[in-house]
Amino acid sequence: MARILVVDDTAQNLALIELYLRGTEFEVVAAASGAEALERCREQAFDLILLDVVMPGLDGLEVCRRLKDDPRTAFVPVIFLTGRFADESERLVAYQLGAVDYIQKPVNRDELVARIRVMLRLEEARSRLDRENAALRRQVETMAEAVASGARLQRELQALRSEAAAAREPALLRLDASGVVAGADAAVAALLPDLRVGARLDQGGHAAARLAQLVAAGVRAADLVVPQPGAAARTLYVQVRTQDDGGCIVLLHDVGELRAIERRLAEREPVDLVRVARAPAEPDYTMTGFIGRAPAIDELAAKVARLRQIRSTVLIHGETGTGKELVARALHFDGAHRSAPFIPLHCGAIAPELIESELFGHERGAFTGAERSREGLFRAADGGTIFLDEIAEAPPSVQVKLLRVLQRGEIRPVGASQPLLVDVRILAATNRDLLQLVHEGRFREDLFHRLEVVTLHLPPLRQRLEDLPRLVEHFLAVGNRRHDRLAEPVRAVSQGAMERLLAYPWPGNVRELKNVVERAVALGVGETLHVEDLPAHVVRGEPAASAAVVAGGAAAPAPTSLAGLRRERAAAERQAILQALRDRGGDKVAAAQQLGMARSTFYRRLKELGL
């Protein structure tokens, strides 16, 4: 939901703009002066600003200039509103300051909403172009850095090999033509303690038998791993030199430390994310905002390509964090009805007693506190799309009304005597098995069949790991911008870190990956993200939730009363919100995104929990 700041020194104008934008896909924040507007922008991020020109103190032009001078708000679109007749010179000044539009009061509601939507789409396109340009720059810089890093590593490795060769002489073993040990120096006894001169090599223990196999196979050089009781295995580099009499000389180099250094160097070598993420030829259609080229994602995109031009009901199924809302937005904004309203609603984020009024509206006096009528989200989305996230959380009373909308296109506001007709496409999403809920009597079977006209299944991240390098590259770019690291960005991920990321099961899917990468960027890692920059549970390959259970021992006994459940839920939610705020340095918008909560829900819970 786009957040819009409305700045006007007149209370009536603020109330009018808020009324115009109520029920749309926008969240409105009001400021009664230029100084208050700047303060609001320091506290939270906005997607667009509606700014009155004539105000006491700081006027609109000065506020715009300060906004454009601040890197945090420089790219936020500003639309000027003015009640006086402006000449061309004033308009020119506004555009030179960075405004994207200039609207004369009185403002027409439909025109205002349309212009806001257009400007937000233009800003999204500009951001996408910036990302593409930044990706190209990073590709060039990464390639140059990779060449320099490769040369540096090669020099270091060569130096290490020279040092290792000079520091330690190889152990020497002589075999006759029949494979019998004809002689061995003292160093051999330390490496192969069971070996005996005069006995066959393959009878000198497990490691000697494997060495005999290498000699018999005609191998001239190879690594041999020798297990050590109660200690780490030892790696020997074996060289075999044949003699004229049919025997051979075997040189054994202890290269365990050298191989360990080589592995550490390899782990810290940056991964070429551009090369790893490179995909086959681009398909005819890719979902806007959705990153992935795995076969399952290409198949999903092909279905979305067909569905985006029609107004069929679609049920989107996938685990938490897989990108269900991104698919819903692609179905709407990539189609023929992109200019119509798109209104998302998380069915579990609104109290059951309020969701019916939120969706269908209410009449004045319908219930205590209903001092005026409200049209509801379905009427606000008329002609467009409404996205019902986590539809399984909808209470039974709402399920009945949703069924009527799907059957007849009718809604009945709370307290109304007559139904109203609406033309709304319904997209629903869930991370639960609705058919199982139907069998358990917790979801209406008739509503399930109405929703299941077309079902799209989103694969979890662990089933499309080929997309992980591409996602990491994208989230690094996002983190660099969000945390003001464009001058000193995180450019790469080491081989070791990438191996840990690919080995982790990702129960939180793409959302969890985004948080892990952004956390590393926020904590000030260098140009390359290494293993030590990752959370401990990711390095271990063990999800944080299960790790907490193991660390804490047996789970606490479950509460036995409804009040106890509510207290425990509130305490857990309070702890999660505080942790997210700490992780994000107090940034409420970023904290809400980390928790996967809508901004309005996040602010409401802050107030309810006294935070």
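Descriptive notes on the structure:
- DSSP loop chymotrypsin sites (Phe, Trp or Tyr not before Pro) with at most 15 other Cβ within 10 Å: longest gap in the chain: 368-611
- For segment 1-157, the solvent-accessible area of protein heavy atoms averages 51 Å² per residue (probe radius 1.4 Å; ligands and nucleic acids excluded).
- Sequentially through segment 529-541, phi angles give Karplus couplings (6.51, -1.76, 1.60; θ = phi - 60°) of 7, 10, 4, 5, 8, 8, x, 4, 5, 6, 4, 6, x Hz, Gly and Pro residues having no value and appearing as x.
- Rounded to the nearest 10 Å², the accessible area of Cys248 at probe 1.4 Å: 10 Å²
- Rounded accessible area of Leu435 (nearest 10 Å², 1.4 Å probe): 80 Å²
- Multiplying the residue separation of Thr242 and Glu43 by 0.36 nm and removing their Cα-Cα distance gives an extension gain of 63.9 nm.
- Extreme residue, positive dipole direction of segment 1-141, given options Gly83, Leu97, Pro56 (C-beta unit charges): Leu97
- Assuming charge only on the beta carbon of Lys and Arg (+1) and of Asp and Glu (-1), the dipole of the chain about its Cα centre is about 620 debye to the nearest 20.
- One chain, two ends: Arg137 and Phe367. Fully extended at 0.36 nm per residue, the span grows by 77.0 nm beyond their Cα-Cα distance.
- Here r is the Cβ-Cβ distance between Ser89 and Arg128 and R0 is 35 Å; the resulting FRET efficiency, rounded to 0.05, is 0.55.
- Rounded to 10°, Cα long-axis angle of helix 11-21 versus longest principal axis of the chain: 60 degrees
- Projecting the Cα atoms of Gly409, Ile350, Gln309 onto the charge dipole of the chain (Cβ charges, centred on the Cα centre) puts Gly409 farthest toward the positive pole.
- Tilt relative to the chain, helix 509-522 - C-alpha long axis, 0 to 90 degrees, to 10: 80 degrees
- With all protein chains modelled, accessible area of Val140 [1.4 Å, Å²]: 100 Å²
- Computed label-point distance, nm, for sites Ala576 and Glu375 using a 7 Å Cα→Cβ extension: 3.4 nm
- Of the trypsin sites (Lys or Arg not before Pro) in segment 436-474, the ones in a loop by DSSP (not H, G, I, E or B) with at most 13 other beta carbons within 10 Å are Arg442.
- Counting only alpha carbon atoms, the long axis of helix 88-97 and the longest principal axis of the chain meet at about 30°.
- Rounded accessible area per residue of segment 438-505, 1.4 Å, Å²: 47 Å²
- Using the Cβ-Cβ distance between Gln154 and Ala487 with R0 = 41 Å, the FRET efficiency computed as 1/(1 + (r/R0)^6) comes to roughly 0.85.
- Distance between modelled label sites at Glu608 and Ala336, nm, 7 Å Cα→Cβ extension: 4.2 nm
- When a 1.4 Å probe is rolled over the protein heavy atoms, the share of accessible surface on the chain that falls to carbon and sulfur comes to 53 percent.
- Among residues other than Gly205 with Cβ under 15 Å from its Cβ, the summed charge is +2 (Lys and Arg +1, Asp and Glu -1).
- Beta bridges assigned by DSSP with both partners in the chain are antiparallel in approximately 40 percent of cases.
- Separation of the Glu353 and Glu169 label points, Cα + 7 Å toward Cβ, nm: 9.0 nm
The values are calculated or read from the model by the stated rules, or taken from the named source; none is laboratory data. Please read these numbers as outputs of a predicted model, since none were measured by experiment. Please note: Cβ atoms are built from the backbone with ideal geometry, for glycine as well, and neighbour counts cover all protein chains shown. Side chains are part of the model used for accessible areas, which takes the heavy atoms of the whole protein and leaves out ligands, DNA and RNA. Shrake-Rupley method; radii C 1.70, N 1.55, O 1.52, S 1.80 Å.
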